[in-house]
Structure formats: structure tokens, C-alpha cells
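The values are calculated or read from the model by the stated rules, or taken from the named source; none is laboratory data. These figures come from a predicted structure and were not determined experimentally. Cβ coordinates were reconstructed from backbone atoms using ideal geometry, including for glycine residues, and neighbour counts include every protein chain displayed. Accessible surface areas use protein heavy atoms only, side chains included; no ligands, DNA or RNA. Shrake-Rupley method; radii C 1.70, N 1.55, O 1.52, S 1.80 Å.
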Amino acid sequence: MSGHEGASSSGAPGVWVVLADGQEVRGRLLARRQLPDGWRYRVALPLYRNVGGEGLEVEAAQYEVWVRAPEHVRPVEDVDYTGVPTTALPAPSLVEVALGPRRPAGWVLAKSGGGRRGPSRAVLHAVDCAEAPPGLPVLRVEQALNAAEHPATRACALCGAGAELDPLLRGFDPQEDAVGDP
């Protein structure tokens, strides 16, 4: 590798790559990609590889790998990185910003045994409800609606399962909820 402090002969700017044992070696920054859990940088490290059957001859080569940034990559002072291909996550839509993160789809039905006190009862929870017992099968919307219509089933008030399903059970007519209409 040349001794230039900036970009190498291929045009990719130099970076310091932190190896697993803590060593820092000089590499080249080929690309950047943003993922939900952080950034990854694609770096190229100059190495040698064996050629021939016995490995007695070597040739220059490079190893390319995606590494986490900034944990495994440090910038080289006075190097310009504006030309590095960068893929950022798309900006959230105005709807996503207003509504916040979506909750997982589905519902679970927690049954309690009947016995001497009468028929078994059940509580319908959103799949991510903290009160839902773990390991229950996830119900599709049709299954959840059928369970919600059963007289011995109540919807969990903590997670709002009823608020999610009631419009589907009772319809979306805003006039039904109007007070004082004849």
C-alpha cells in the first residue's frame, strides 16, 4: 500500500480498522450502510495470499468485509469521506412520525380453566401485551374476532385489544356513537 495519507490508488479513502485483538491497521473505506441497529462500513484490507500448490509464492491481495462503525473503524485525520457510497435508511414518513412505532400484528387468547365455577373464561390480549402468558399461539384477525364475540371472553384493558377489535365487531359508523341522535 502506498504511503499517502488520503485516498489510495483505487480512489477509496483510507481508514483505521480496529481488529478483534485491538490492533489498528490501515484499510480503505469502500461503502457505508445504515441498518436499524447502527452503521456498517465495508472496508478493504491489504494482505498477501499464497499462490501455487505449496504456498511458497505470494501475491498482493485485499480482504473486504463489513464491520460495525464506529466500534471497528476510525477516520484518518484530514481525509475526505464525502465521496464514499452511502446508503442511509429512508426517513420515516409523516404518518410514522405521528403514530410512532407499529405494534406487532396478532392477538393471543389466555384461557383459564372452568371447573366448579362454571365454563372456562378467557382474556384476549394483543400479541405484545405484558400480561399475556408466553408461548401462546398467535391468532389471525378472524380467530380473534370469533374469540372476542364469545360471552366468556373479555378483552384486556391494559393492551387495548378491545379497542383494536371493537370497530371490526361493531362497524365503523360514527353516527352510532353520536350522543343525542334520534
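Assorted remarks:
- Residues of segment 27-113: accessible area per residue with a 1.4 Å probe, Å²: 74 Å²
- Full-extension gain in nm, Leu145 to Arg170, via 0.36 nm per residue minus C-alpha separation: 7.9 nm
- Residues Tyr48 and Asp80, FRET efficiency given R0 of 25 Å [Cβ-Cβ distance, rounded to 0.05]: 0.30
- Sites Ala122 and Leu99, calculated FRET efficiency, Cβ-Cβ separation with R0 30 Å, nearest 0.05: 0.55
- The magnitude of the dipole of segment 30-104, with charges of +1 and -1 set on the Cβ of Lys/Arg and Asp/Glu and taken from the Cα centre, is near 580 debye.
- Segment 20-79 and segment 119-151 have Cα centres separated by 50 Å.
- Database remark: amide H of Leu30 closer than 5 angstrom to the amide H of Arg42, Val43, Ala44 (H placed geometrically; neighbours at sequence offset of 5 or more, or on other chains; Pro and chain starts carry no H).
- FRET E, pair Gln34, Leu56, Förster distance 30 Å, beta-carbon r, rounded to 0.05: 0.10
- 3J(HN,Hα) couplings calculated from phi for segment 38-45 with the Karplus curve 6.51 cos²θ - 1.76 cosθ + 1.60 (θ = phi - 60°) are, in sequence order, x, 9, 10, 10, 8, 10, 10, 10 Hz; Gly and Pro show x.
- Long-range HN-HN contacts of Ala152 with modeled amide H, under 5 Å: none
- Here is the size of segment 21-109 from its Cα atoms: Rg then Dmax, 20.5, 67 Å.
- Close amide-amide hydrogen proximity is noted between Val76 and Trp16, each under 5 Å apart and 5 or more residues distant or on a separate chain (H modeled in the peptide plane; Pro and chain starts excluded).
- Rg and Dmax of segment 33-79, based on Cα coordinates, read 15.4, 45 Å.
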